[in-house]
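Each reported figure results from applying straightforward, stated rules to the coordinates on display, with no laboratory input. Note that this is a predicted model, so its numbers are computed, not measured. Cβ atoms come from the backbone with ideal geometry, glycine included; neighbour counts cover every protein chain shown.
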Amino acid sequence: MDDPLEPGLYIVATPIGNLSDLSPRAAAVLARADLIAVEDSRVTGKLLNHIGVKRPMTPYHDHNADKVRPGLIARMATGAVALVSDAGTPLISDPGYKLVRDARAAGVTVTTIPGPSAVIAALTLAGLPTDHFAFFGFLPAKGGARASAIAEAAEFRGTLVFYESGPRLGAALAALRDGLGDRDAAVAREITKAFEEAVTGTLAELAARYAVAPPKGEIVIVVGPPGEAPAADADTVDAALADAMTRLSASRAAAEVAQALGLPRRDVYARALDLKEQSQ
């Protein structure tokens, strides 16, 4: 463990709450790094104190990343630079990916030390499908931009994961309800800490719960996938075909309607031919 680290960039996942979740490998890398790039030296300082080491730290965050990145890359040529975020896995909803990109372009060796992630931890707590999910970070604060982001997320047919803050939670849940429908969801907060909780319900139920009593702490919203859409009834199919056949042949109209309504093309085409014959 006392051997020096090879020069390069080390991406180190740190605890999201409980400091005991730091892996032995992560602790060993932090103890031997020549320099640690941190979001907040006060937060990382507590972690280093927990494992009983002192190492040089330098700020690396949204506000200074472009300015300090070249110097960090240069330092990696001869020394081991560890990258950490305040909590969890670096590069997840922070600017670390640019450091990795530029390090690789400079021929620097990049090593990851995996560990805690609030996204994965929340998924394990939520009790919602995890075989197909997507992470969308923080929703925009402004209503119009937030609605657009939710509309984009709605195109994904699996489970959705968002970060959110306590004061904005109720509004975010209401916007998700309006944009996605009343899906099953979970609100996970203070994960791995003393007051960890995961509250489940529909988006409408959760929006009502947190509308007047916003919680404290870091929050992850997990939204289940949409249910199966109800099959279109005969009148809906006929109306869609009648409109499409004013512009297209029966065959092309059937293909368009079948795709739009999620129906077998053969069945829709047969109905299109019936309607065409009836109109003659």
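Here are a few things to note about the model shown:
- Near the amide H of Glu197, within less than 5 Å, lie the amide hydrogens of Arg189, all on another chain or at least 5 residues away, with H placed in the peptide plane.
- Amide H within-cut-off set for Ile11, under 5 Å, with H built and near neighbours excluded: Leu83, Thr111, Thr112, Ile113
- Largest mean-square fluctuation among Glu197, Glu218, Glu256, in a Gaussian network model of the chain whose springs join Cα atoms under 10 Å apart, belongs to Glu256.
- The ranking of Glu6, Glu39, Glu164 from fewest to most other beta carbons within 10 Å of each one's beta carbon is Glu6, Glu39, Glu164.
- Ranked Thr124, Thr112, criterion: other C-beta atoms within 10 Å, fewest first: Thr124, Thr112
- Net charge over other residues, Cβ less than 14 angstrom from the Cβ of Ala26 (K, R count +1; D, E count -1): +2
- Dipole of the chain, positive direction: furthest Cα of Phe136, Met57, Ala258, with charges on the beta-carbon: Met57
- Under 5 Å, built H, 5+ apart or other chain: amide partners of Phe138: Tyr163
- Highest-fluctuation residue, Thr159, Thr14, Thr236 considered, GNM on the chain with Cα pairs under 10 Å: Thr236
- Linear extension gain, His61 paired with Tyr97, 0.36 nm per residue minus alpha-carbon span: 11.8 nm
- In the elastic network of the chain, a GNM with C-alpha springs shorter than 10 Å, the most mobile of Ala33, Ala153, Ala105 is Ala105.
- Segment 98-118-segment 139-154 distance, computed between alpha-carbon centres (Å): 30
- For the chain, calculated [θ]222 nm from helices alone, where every DSSP H run of n ≥ 4 adds -39500 (n - 2.57): -13000 deg cm²/dmol
- Here the Debye sum runs over all C-alpha atoms of the chain as equal scatterers in vacuum, and log10 of I(q)/I(0) at q = 0.09, 0.10, 0.16 Å⁻¹ comes out as -0.59, -0.68, -1.16.
- Taking each residue as 0.36 nm, the span from Val43 to Thr246 lengthens on full extension beyond its C-alpha to C-alpha distance by 66.5 nm.
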